[in-house]
Structures are given as structure tokens and as C-alpha cells.
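Presented below is the structure to which this report refers.
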Amino acid sequence: MAGDLLQRSNGKEVIFIDKGIDDWQSLADGVPHGAEIVTLDPARDGLEQMAEWAAGREGYSAIHILSHGSAGQVQIGSASLNNNTLASYSEALAQIGQSLSEDGDILLYGCEVASDQTGVDFIGKLAQATEADIAASDDLTGADGKGGDWMLEQQVGEIQTQTLAEGQYQHVLAAPADQDFTDIPPHMFYLLPHAFGGAEGLIFSASPESYAEFYITDEMTSFTAGNAARFWVDAGPTGIGSSYIEFSSVDPDGSGPETKPLFALNQLAAGYSQFTFLSTYEVSGWAEGSKVVSVDVDLAHAGNYGTDASSGITYTKSAQDHGVYSGGTLIFGDAWTNIDTVRFTVSDMMYPQVELLLDTIDFSEPVSNSAPTITDIPSDLTVTEDTVSDLDLSAAIFADAEDDELTVTLSVDSGTFSEPADGASNGVTATKVSDTQITLAGSASAINTYLDTASNIQYTGAQNVSGDNAALLTISVTDAGGNALAENVTVNLDITDVNEAPTYTGSGLNPTFIELDEGNINWQNLAFLFSDNAFETIEAGQEIIQVTLTVSNVSGASDEVLAIKNGPASAIKMPLINGQTDTVTTDALNFSYAVSVDDQNVATVIIDSADTAEIWNFYADNLFYANLSDNPVAGDRVVTITSVKDDGGTDNGGVDTGSTNIASTVTIKAVNNAPTGSVTITGTAEKGATLTASNDLADSDGLGTVSYQWLRDGVEITEATGTTYVLTQADVGTAISVRASYVDELGTAEAVTSSATDTVANVNNAPTGSVTITGTAKQGETLTANNDLADEDGMGDIISYQWLRDGEVIEDAIGDTYTLTQADVGAEISVRASYTDELGTAEAVTSSATDTVANVNDAPTGSVTITGTAKQGATLTANNDLKDADGMGDIISYQWLR
């Protein structure tokens, strides 16, 4: 049914299964592990059970209800919910609705709940009462072989929940409806067998090989109302023996009586023909083809028929006997609750003829197997603290009406069970499931016999727990049918106190006690002895009455004390001298103590005070060691809390004293003496110089090995730990000092720092690298200056250039390039790079000179002219205004040309 429910749903869903439906266990078994399933007791109001579950729950997306149903009605436990009863269940329905989320669904799986307009109206009203969306079936729900399915065809609101489907369930969720034959037309004859009412109806049958019929009559009688059915069965072909008429719930697929729905028969009206001599019938109830119960009833005489009330029938005969038929009402006992067929049989050796009138057949849901019971359980059992004790349940009486196999579960909320005694000889399987749970499986009588031996079940309470109602034993019982006690039984476990030894836990602080200045206690630096102190009496209500301590290596002098601080600058001092005793009474403290010292110089201090553990924790928190001497005896003192005693006594084997042995070692240390002398530095405070550290230190506590750490403006210089230090560029502009450190012979770290030097002066560093010229040393060519200069003092921001001709400055030649002119021909060119370093020093570097600058010829300028008249005999004169950048030379010669 719900085999894949959890995989389909993202919300919380709950499945209610009415244990009154056939084979309900197979439905429950189909639910995967972890799914929330709630079974409903068919003998109790199912809606009340659901409301109890819903209290305090919320956020569920769906509620599935697997129970019987019929048109316009759903049966939940002993409650019938329909249009007429909705109002009376308004509070329960509202409670159930509140457990759902805003879009929550309620799914009703009962057969034919919404099969007609009454049913449709019913689920609509149910939706209003619960404020939920409702889905219900309009046909048979259950096995398809019986005409059923798992579809919920009628809905109110939007159903978001996947309906369940159970392929293994072999039944339908329907039971016979009450039958009064009202809807059958009167004066009609029917041959048997014949069925009425569909899946929730009845099938009427008669004994084999007989002629049988029934007739719907509306003849008025004093014991029928409206229509009734008259059954007639002849004696069969032989006319000898017995004949019967029976009705049973419908078997939808005809597979046999084992698949018919069960029912409980409450009552019916029956009558016999006064014109026959046969009025006595064997009335029998059958289930799955077997007779379950039978009673002989004479319809001519009223009375209680049967051997007991459970299987019996109460017959009330009508006072009116006129007419053809006489009869009355038959009311059936509890044994008629799980049957599928009712048979009326007559026996007559001559002519066993049936002539029977039936009406108003009243059914209800089948009743599940009776729950087991338990009586005479004691309200309290007594056991002994921290002791394996018998749980004496010999007075208890377990019972089961059907004598089913029982499983008894014993659970305790604290403490542990021992392994139970073997119950095989009693027919009981005893299993220790866990330390807090034991199960006993067997018949009720076998379990009763097993528990008659009180030692078969033994229990030990939780450690150090005692008192009335100190633990709770819960007893639950289920039978083979899955029925449980109406309510689990609880038994108080009273645990008799046995005093446990008190305990103390704490941690030794292992303090150092430093020699006092003129015997004055240093309240800011006390040698507290213990922390995380926790005294415990184990049993509630007890007090610690005594604590014992020891102190080793004591001097025996009165100035050596243990003390309890009781104020910012005050304490109760307990001198560690033999025979010392005192009683201390203040507003906050009230105790006495006694001191004894043995020949091993071990002092034993016994402190007596009837106080709670919290007060003793205060004592221990504030306990310290002090030595008021200016010269305490050397050596450690070991202070040990050795034992603690409570006021619980030793009755019943109790123990009132516990050993503890929590120790704290006090290291005695003299006051430190500061070193004398000084640390000095020699050497010049300028870059590149070496400084040397020296000292004339002395220490009355003993001078250890001295190490040095050089400091630049008070900050440690990495890896500068020798006696000498060479000043670097990083030190320029700072003051240098040195710290001498050592550990004196009493273990104190000491350090003395020298005075600082003057500010470290810089020493200029010449630049490195060179200046070079690229280009051809020829008139008209361009030369370029380059450099790869570096300066430890910093290069500064700007490098400027000055070009030189034969070492002399060339005017306005200050760029990083220079074009050679006629003036440079025959000369050597160089360039000087200049800058100011970051420490303010002007620096200059000159390149190497070029080769001699070669000339490149320059064409002359000006012209040559002729004066005179160009005629024969005239004289022409040559003139010129020529110039030459390379120089004109001394002689100009002419050549005339024609």
C-alpha cells in the first residue's frame, strides 16, 4: 500500500489504520521502515484517538485513513462519521485539521463513501470542519480481484497527495450494510441464492439440493417494520435430515469464504409460521467456512439462549401472536463479532422444512482480537542501590482471552538489567534487548510461571541513585494479533540508599612561592594550590565533614603555613607545626583543624567542618601556601589532599571515606637580585666602522653566559648577535645600542642594554658603472650618451649630460645626443653625466673620448662674375665673392673658356 510512499512525498504524512478492518496487519506491513503509522483501536472512538495524536502536531501534508466506509459515512474505530454526527465531532475535527499544513489533504479509503449525493455532501462538510482538502472513494477500495481499486475519485479542493496502493492486500474496505429490505419491491419472489446491496450487501443461500426461495412481504407484524423477507426451503429430495437458510457478506470474486469481509452481528428480527410445527432453529455464526458459534433458539418462547453471555442470544418475543407469523428480536453476544455468515438450521427426521421471516438485520464492524491484560502489578518495587537486585513480579497476572502468544516488554528509564534467566523450561523466550529492555515471549500462563521466580529478572539502579521513585519500570504487552494493553503499566522502583564514598576531583596548580619581602604576604601573587575543585557527596542531602591533607618537607617552624584566603588582604593561617590545633569561627567560615608532623617532616592537616560540597569547594579554591620567613628552607613542598569523609555513615555496607591523592608541588624561590654594572659600545658611529660590545656586569644570584643583541633605534637587528657589529648603509641616520642577556643561577632571565651611540654618519660611496657614447665620429653625425651607473647612496632623480670637445665644455651641448659640426673636426668628443645622490653628494662620471672627428667636404658659396663689353677688342675682367666653410685657401686661379 504505502511501499513507496516516503519516496513520493516531500512532506510529512501519517497513515491511520483501523485495526477493525480485515487483515489490517498486511496493510501496516506494507509501510516502509520509518513511515509514520498509527493504528486505531476499533473498540474506541477513532476520531478521539486521532485528535489525541494531533494535539501539538502541525505541518503535516496529508492524513491517510484506512477504515471501513459506506455511502455518506466512514467508520473510524467505534465512531461513525456522517452528516448527522459531524457537528458532535467539531472540536476533534478542528484539532485534526490543525495538524495539517495550509494545503493539507485528508484521504478517506473506506468503500463508497462518496458514491452518492449524500456522500458528496458529506465530504464537502468534512472539508469545512477540518479546513482540509478531502478525497474519497465512490466505489470499492481494495483488491482489484474483489472489484476494488485504490483510486479516490471524489475530491473537495486540490489534492496534492499521491494516493496509496497496496498490491498485496486481498480484501476491500467494506462491510455489510444493515438490511431492512426497504429498498426491495414487495410481493416479489426470488430464488436462492440471491444477493442484495452490491459489495456491501448480503447474499442469501440455502442448504444444497433443496428448493429455496424468498418473498418480500409488507405484511404488518409486531416485530418487523415495513418490508420483511420470508424464506422458504423445502426438505430436499430425501425429505429427511436438516435444512437451512443463511446470509453472508458478499464474496466479490467468488474465491471462497476466506475472502469474505467479516462483520459483527448485533441483532435481527425473526419469526416463524404459526401454521407449521417448526419454531426451533440452530442459529450459528461462521467465519472462513468454519463454524465459530452456535445456539439453539425456540422462536416460540422468549429467553436467554446459550451457555454464556458471550456466545448466547437474548430473544425477546412480541406479545402479539395473531396473523401468520410470530416472532421477536434476537440480540447477539460478543462471540458473534468476527463472522462472515449466519445460518438458521432446522432438523426433523420426517420433514425438515424452513419457513422463516427476517427483518432489520443490524451489523457493525468486526471486533479485533481481544487485547491482553495484566493485573495485580505492585505500584512499587524495592531494590538496593548499586547492587544487583531481584525485580519481584511474582504477583503479576498476565492474561489473554484468546490465549495468544504474548510478548511482554520490560523497560526501565535508568539503570541496567542483568541477563534474564533462561525461560525455556517454562516455555518462555527471555531476551535482553539492551541494558534497559528485556522481552519475554510465551503464553500468559508460561510468563506468569516464569515470573514466579523473583530472581529471574534482576536489575541494578543507576550509579549512586537512590530514594523513592528513583526509577520507573514500564511494562507493555502485545499479543500475536498485534493487540496491546489499553495502557502500559508503570511500576515505581524505590532504591534503598547505600552510602557511597565521597569524592574529590581537582587539579594541582604547582605554584612557585617567591621569598617574601620582610615576611609580608604578597596578596597579588599568592601560591594557590588547587583549581577545578569539586567535592561530591554522591548522595543528595549529605555533607562533607572532614578533609585530610599532607605537606612534605616542612621546616617545623610556625612561619610556614597553609592558609585560606577570606578577604582581599586577609586569610586564616594554619601553622604547620606539630600539635597545632584551632577552631575558626567567622561570618563566612566555621571549621577546626589539627596538625601533626612526623619524623619525615611530613605534616598531616585534618580539617573538620560539617558543610556542603560547595563550601568545601570554596575552601579548596582559596587554599594557598606561604612561608613568612626571610630565608625559607630550600626544597619543594608537596601538598596533597589525601581523603574526604561525608556524614552518610557505613550502614548497609556503606563507605563514608574516599581516597583522593590530588597533589600540588610548591617550588620555593628566593627574591631575584638585579644585575650591577653596565654594557658599553666602543667604535666610531659612521658607516663601515666596527662597533664592539663589552660589559662589566655582576649578579649576586650568579652570572650566566652573556649573549648580545644589537639594536637599531631600539629595534633588534636581524642576525646581529655577536660582540661586534659593522655599521651599514641601513644604520646611517640611526642610533645603535646593544643588549646583553643571560639567565642567572636561580633561573631568572636578566637583560641590560647599553647607551645608544651618536647618530651614525654617512661615508660617500662612489658611483659604479660607466658612461658611453655611440655613433660615428664624423662631421654631421649624431652621437648618443648612455650609462649604466649605480650608487649605493641612491641615484637621485635626474642625470644631466655635458658634451666636451677635447675636454672643454661645448656651449649648450647638454642633451643626451650631440650632432658633430665643422668645429669638432679634428677634435675628440666626450660626455660627462652628473647627478646628486640621495645623501646629497654631487657625483659626475665622464665617458671615454671618441676618435678624432673626421671632416666631410663643404661646397663653396658665392659666384664668379665677368665685367666688360662682349665685343672684339674689349677687355673682360673676372671677379668673385666665393666663400668655403673648409677655408678658401691662399690662391684663386682662373681659366677662361670660349
>> For the structure I just gave you, tell me whether Ala371 is small (Gly, Ala, Ser) and without any contact (Cβ under 8 Å) to a residue 24 or more places away in the chain.
In response: no
>> Consider region 597-607. How many of its residues are surrounded by 15 or more Cβ atoms within 10 Å (Cβ to Cβ) and either without any contact (Cβ under 8 Å) to a residue 40 or more places away in the chain or among the basic types (Lys, Arg) (or both)?
In response: 0
>> Please verify whether Glu102 is in a loop (DSSP other than H, G, I, E, B), more than 21 Å from Leu164 (Cα to Cα) and not small (Gly, Ala, Ser), treating the condition exactly as stated.
In response: no
> Name the residues in region 307-316 that are crowded, with 20+ Cβ neighbours inside 10 Å and either over 16 Å from Thr360 (Cβ atoms) or not β-branched (Val, Ile, Thr) (or both), would you?
Replying inline: Gly312, Tyr315
> If we keep just the residues of region 303-332 that are outside any loop (DSSP other than H, G, I, E, B) and among the small types (Gly, Ala, Ser), which is nearest to Ser273 (Cα to Cα)?
Replying inline: Ser326
>> Being out of contact with any helix residue (DSSP H, G or I) (no Cβ under 6 Å at 6 or more places or on another chain), closer than 30 Å to Gly142 by Cα, among the hydroxyl-bearing types (Ser, Thr, Tyr) and modelled with pLDDT under 90 is the requirement here; does Thr337 meet it?
In response: yes
> Under the condition of being charged (D, E, K, R) and touching a residue at least 40 places away in the same chain (Cβ under 8 Å), which residue from region 66-105 is surrounded by the most Cβ atoms within 10 Å (Cβ to Cβ)?
Replying inline: Asp105
>> For region 857-890, give me each residue that is under 30 Å from Glu781 (Cβ atoms) and not aliphatic (A, V, I, L, M).
In response: Asn857, Asp858, Pro860, Thr861, Gly862, Lys883, Asp884, Asp886, Gly887, Gly889
> Are there any pairs with C-beta distances below 9 angstrom linking a residue in region 700-717 that is without any contact (Cβ under 8 Å) to a residue 24 or more places away in the chain to a residue that is acidic (Asp, Glu), with the two at least 6 apart or on different chains, and if so which?
Replying inline: Ile717/Asp731
> Restricting to strands (runs of 3 or more DSSP E) lying wholly in region 735-840: which have 2 or more residues that are among the β-branched types (Val, Ile, Thr) and surrounded by fewer than 18 Cβ atoms within 10 Å (Cβ to Cβ)?
Replying inline: 771-774, 782-787, 817-819
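Here's the yes/no breakdown for (1) assigned to a helix (DSSP H, G or I); (2) modelled with pLDDT under 90; (3) under 19 Å from Ile123 (Cα atoms):
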site: Phe16; (1), (2), (3): no, no, yes
site: His33; (1), (2), (3): no, yes, no
site: Trp53; (1), (2), (3): yes, no, no
site: Ile63; (1), (2), (3): no, no, yes
> If you check Tyr190 against the conditions, is it in contact with a strand residue (DSSP E or B) (Cβ under 6 Å, 6 or more places away or on another chain), modelled with pLDDT under 85 and either under 25 Å from Ser279 (Cβ atoms) or not assigned by TED's automatic domain parsing to the domain that holds Phe247 (or both)?
Replying inline: yes
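The values are calculated or read from the model by the stated rules, or taken from the named source; none is laboratory data. Remember, it's a predicted structure, so these values are computed and weren't measured experimentally. Neighbour counts are summed over all protein chains in view; Cβ atoms, including those assigned to glycine, are modelled from backbone coordinates with ideal geometry.
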